[in-house]
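Every number in this text was worked out from the coordinates using simple rules, so none of it is lab data. Since we're looking at a predicted model, the values are computed, not measured. When we count neighbours, we look across all protein chains shown, and the Cβ atoms used for this are built from the backbone with ideal geometry, even at glycine.
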């Protein structure tokens, strides 16, 4: 008998020690309603409300599980944690299964979280993280819960504090907000919709067609008809007049409850009308996605996009997606060359094949986009026609480190600076063609240095003053029509007074872009492309350029 008791006693002692450690280590606050926070109101420059976004919002909470529909409780437990009432906060069988799945996948794809563990996450003000040590701590806390609360109390807290997207917290509130009724009045499709919203709270309503597919995969028997019925009858609590732009504003101003922005809603709406009018033409050019950015000085006043969805239907702001900009960075390189070496737009440079020997024994042989060479050309012609050979020659003189740090300084001035974690030498002279990636928004911010001096910063003003003459030279080059004649006809859409403009197109016409600015005021940058990387039928001069002409007319009278 003594021998038989020893394993039992050891097991009992070990688990009690574990429970005791979990209880002491947990530091779990009492399960109570989370503090109500004020809403975030975002206004345009003229005081027009763009969004009224409620912080985690709860009107009411359930007092006991008896108030909830039994079919809902059964559904939640079946889908989220089948052994909820039998395990001690962690499910060893689920953990073993997740371990096997992760091992086969070669990475972590499952965590086997129980309802108890999810309650722990909901009870905390900050996210623990996804590392192994954080997960072990979460397991201990979940075990510790069993000493302080019953399973019914844990489940009730979980349902009362679930996030349902759009700032809505708690199942009872979600039923009221989305469907204006009590949960026990909702049929199965509606309840499924709500529980799925808690599982995928970040999904945008602009991506509902993929959301329905995801629900079908998650819940057997959920049909397209079910989804359509729910969609037609839901009422969203949150209002956003410009969803993609509001989301960007929130990401850059996370702590402000009331914010007046530089955005001009009237201008945004007029640009959207132009986009819709131009949509048939763009479709004939196989150009389906656009990003339009307008700055007044250094202030963003409009960010318009059209038809931008990812491979899984998720909503994407194409103005924030990083892509290579190729020759678009050449004006910055020429700025250094003009300032450092005293070159002028009339300085002659040879556009001819050239080879550079690399440290690894290979050769770098840059080529022009057109695969043609023009011999002796002026630097003004070379810049406007985006000739690659002259740009690489200039970078060889300027040096890669100098150019890279120059751009980082500009990034610091305009608020796009990235840490210098990579070695610019890895790009070599190809950096003249800008093989790094940058978002259209960050690029447009950098272009504002040609039309705005950032006088609010003394060091920035001193830096830009050093390059003032060179910056004025760049503006002059990009405004003189004769500099375009190597690439464009004499009568072209860019030949307009008091403006400077640069267009560029990626190889195979995947990206087409134009940046245009009046010499003294607004900057307009346009990107036209296909998210799926399919080539367009024409260059940026035609696609982005056609939009530019329409919007430029609007801006001249705005």
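The residues 348, 389, when put in order of fewest to most other Cβ atoms within 10 Å, stand as 348, 389.
Among 77-83, 327-333, 142-148, what's the highest-first ranking by average C-beta atoms within 10 angstrom per residue? Numbers along the way, then the final one.
Numbers: 77-83: 14.7, 327-333: 23.9, 142-148: 20.3.
The densest-packed peptide leads the list: 327-333, 142-148, 77-83.
Ranked highest first by the average count of other Cβ atoms within 10 Å around their residues, in what order do 457-466, 509-518 fall?
Values: 457-466: 13.4, 509-518: 24.0.
Result, highest mean first: 509-518, 457-466.
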